[in-house]
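**Q** Please see the structure below; I have some questions.
The values are calculated or read from the model by the stated rules, or taken from the named source; none is laboratory data. Note that the structure is predicted; figures quoted are calculated from it, not measured. Methodologically, a virtual Cβ is constructed for each residue, glycine included, from the backbone with ideal geometry; neighbour enumeration extends over all protein chains shown. For accessibility, only protein heavy atoms count, side chains too; no ligands or nucleic acids. Shrake-Rupley method; radii C 1.70, N 1.55, O 1.52, S 1.80 Å.
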Amino acid sequence: MNVLLLCSQGMSTGMLCDRIAAAAKEDGCELNIWAASEIKAREHVGKADLILLGPQVRYLKSRIEAMSEGKPVAVIDMMAYGTMNGKQVYQDIKKLMGGK
């Protein structure tokens, strides 16, 4: 599964990616996850099965959905994002992807 996390700069979300990947590995799931800034969204959405937005860029959801070719787009829970709770975000990813 390929998951793209978009935020304003791609930096803090990069740290969250590491924690999500660790939670996925612990669960026995192969997860390819990476962060990018919203400015580079168009370059990355085609490679993703799921696109997650940092809470600070939630206003971009409809724009990202328009370029995502029907792929799911969701906003990361603000509390999970703020606390860098990779396990919670991973659980949310599993729900969004139908338990895959």
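**Q** Once neighbouring chains are kept in place and the probe is 1.4 Å, which whole percent of the accessible area of the stretch 1-91 is contributed by carbon and sulfur?
**A** About 51 percent, which is the carbon plus sulfur part of the accessible surface.
**Q** With the contact rule set at Cα under 8 Å and sequence spacing of 6 or more, what percent relative contact order holds for the chain? Mind showing how you got there, number by number?
**A** On the way: 168 pairs, mean separation 33.3, N = 100.
Reported as a whole number, the value is 33 percent.
**Q** Send over a whole-number figure in Å² for the accessible area per residue of the chain, probe 1.4 Å.
**A** On the way: 5450 Å² over 100 residues.
On a per-residue basis, 55 Å².
**Q** Determine the calculated [θ] at 222 nm for the chain from helices alone, applying -39500 (n - 2.57) to every DSSP H run no shorter than 4 residues and normalising by the residue count; nearest 500 deg cm²/dmol.
**A** Rounded to the nearest 500, it is -11500 deg cm²/dmol.
**Q** Can you give the angle from 0 to 90° between the axis of helix 12-26 and the longest principal axis of the chain, with both taken from C-alpha atoms, to the nearest 10?
**A** 40
**Q** Could you give the dipole magnitude of the chain about its Cα centre, charging the beta-carbon of Lys and Arg +1 and that of Asp and Glu -1, in debye to the nearest 20?
**A** Details: 13 positive and 11 negative charges, 29 e Å.
It works out to roughly 140 debye.
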